[in-house]
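Report on the following structure.
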Amino acid sequence: MGFDRIVSQEKAIKLLKGTLSTKKIPHALLFLGDAHIGKTTTALAYAKALNCLEPKDHDSCDRCSSCKKIEQGVHPDVKIITPEKDLITINMIREVEEFASLTPLEGKYKVIIIKKSHKMNNAAANAFLKTVEEPPLNTTIILTCENIYALPEPLISRFFKVYFNPLSVDAIKKIMPGIEENLLRIVMGKPGLFISRDLMKDIQWFANTLKNIMEKSKKSPWKDNEEIKWWLDFLCIFLRDSLVKITGKVSSDCCPILPLDFKLKENISELEIFNLYEELQSIKRNIELNLNKSILWNYLVSCLNRLIESSNIENRKPFNTQYSKENLE
Ligand SMILES: [Zn+2]
């Protein structure tokens, strides 16, 4: 995929094309934004444009042998690092250093893409800082990052930052015609979720976990920080929908967005929900900084039991999950 097929990231692409037209290629780029909105796809499109044999209008042809190799993940000058067990380790950074020290084999530029760079541990971040301080020739390092607060400031300051936005509802409808409104609201501008997750299973998982919280179960079920973030996203959707209902912007008998057996208690104020919503946003921002899962669990048990009660909502409309994924691949 070249830049021309990436939806709704015009600002980021304009910036990147600008570096190609002026031939001022940054050696270190930081792609910032939520997961599942096209950062890695754009990084690969940039790698293609840098190495394309027949580039046009500062974009790749997406057909030549270089573009095809990058697409298939076999170009010798393009390396992608992905966290393992939720972590980018110092050994992975050493691999990057070694790769960066080689001269390009086939392409004009070596491109190193480090996905989810906020997963670097301290040792990895310190080692990486040295690599970035002494940039190798004809090499561009691209970090994708969902949480800038998890990266050390000296590292961030050395990167040229490119911001990515969640997609608008209209943009997702364009690439996924016929998509149901409920599902659109759940993905919150991140269409990549349709590929990477089974949303129906996730909704059930969220509901089961909420039930455990309401039953004051002792143990948190989350495997890692990603799962916590994803669960908190669902909780925010529930709170946002509840807020919309009590502020009277929609009728109270309308179908719930998430099929849940719980609702907010009658006497809860808008302010209380708003405060919890803000608190959850802050937890999500700081999640990489040694979050203690059992403290979070106990906090949720106490505050959600105060705010939420059981509800038997009848005539619940099932979700229509017949959406096409082909436009997203
Ligand atoms: Zn090409």
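The values are calculated or read from the model by the stated rules, or taken from the named source; none is laboratory data. Because the structure is predicted, anything quoted here is derived from the model rather than measured. Positions of Cβ are generated from backbone atoms using ideal geometry, with glycine treated the same way; all protein chains shown enter the neighbour counts.
Below is a table of values for the structure above.
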{"quantity": "Among the residues listed as E134, E106, the single one being touching a residue at least 40 places away in the same chain (Cβ under 8 Å) and more than 27 Å from E288 (Cα to Cα)", "calculated": "E106"}
{"quantity": "Single residue of the range 227-249 satisfying the filter (at pLDDT below 85 and not basic (K, R)) that is surrounded by the most Cβ atoms within 10 Å (Cβ to Cβ)", "calculated": "S242"}
{"quantity": "Tally, over the range 250-274, of residues that are of a type in the set (A, V, I, L, M, F, W, C) and modelled with pLDDT under 65", "calculated": "3"}
{"quantity": "Check on K219, touching a residue at least 40 places away in the same chain (Cβ under 8 Å) and in the same structural domain as P259 (by TED's automatic domain parsing)", "calculated": "yes"}
{"quantity": "Unique match (being on the phi < 0 side of the Ramachandran plot, surrounded by 15 or more Cβ atoms within 10 Å (Cβ to Cβ), outside the structural domain of K85 (by TED's automatic domain parsing) and in contact with a Leu (Cβ under 9 Å, 6 or more places away or on another chain)) among I113, I156, I142, I186", "calculated": "I186"}
{"quantity": "Among the residues listed as K161, K173, the single one being at pLDDT below 90, out of contact with any Ser or Thr (no Cβ under 6 Å at 6 or more places or on another chain) and not small (G, A, S)", "calculated": "K173"}
{"quantity": "Matching helices (runs of 4 or more DSSP H) fully within the range 1-111 where at least 1 residues are more than 14 Å from the ligand (Cβ to nearest atom) and under 14 Å from I141 (Cα atoms)", "calculated": "10-21, 39-51, 90-101"}
{"quantity": "Candidate set: the range 209-231, residues that are of a type in the set (S, T, N, Q) and closer than 28 Å to E84 by Cβ; chosen: the one nearest to the chain's Cα centre (by Cα)", "calculated": "N225"}
{"quantity": "Filtered residue count, the range 222-234, keeping only those that are in contact (Cβ under 8 Å) with a residue 60 or more places away in the chain and closer than 16 Å to L304 by Cα", "calculated": "1"}
{"quantity": "Subset of the range 53-62 [surrounded by fewer than 24 Cβ atoms within 10 Å (Cβ to Cβ) and either out of contact with any Pro (no Cβ under 7 Å at 6 or more places or on another chain) or outside the structural domain of S21 (by TED's automatic domain parsing) (or both)]", "calculated": "L53, E54, P55, K56, D57, H58, D59, D62"}
{"quantity": "Criterion: over 22 Å from D261 (Cβ atoms), modelled with pLDDT under 70 and surrounded by 12 or more Cβ atoms within 10 Å (Cβ to Cβ) - qualifying residue of L296, L328, L291", "calculated": "L328"}
{"quantity": "Where K39 falls short, out of the listed (1) crowded, with 19+ Cβ neighbours inside 10 Å; (2) in contact (Cβ under 8 Å) with a residue 24 or more places away in the chain; (3) out of contact with any Leu (no Cβ under 9 Å at 6 or more places or on another chain)", "calculated": "(3)"}
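Every residue, every condition in (1) closer than 22 Å to F128 by Cβ; (2) surrounded by 14 or more Cβ atoms within 10 Å (Cβ to Cβ); (3) in contact with a Ser or Thr (Cβ under 7 Å, 6 or more places away or on another chain), yes or no:
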{"position": "E10", "(1), (2), (3)": "no, no, no"}
{"position": "A28", "(1), (2), (3)": "yes, yes, no"}
{"position": "N51", "(1), (2), (3)": "no, yes, yes"}
{"position": "C64", "(1), (2), (3)": "no, yes, no"}
{"position": "F99", "(1), (2), (3)": "yes, yes, no"}
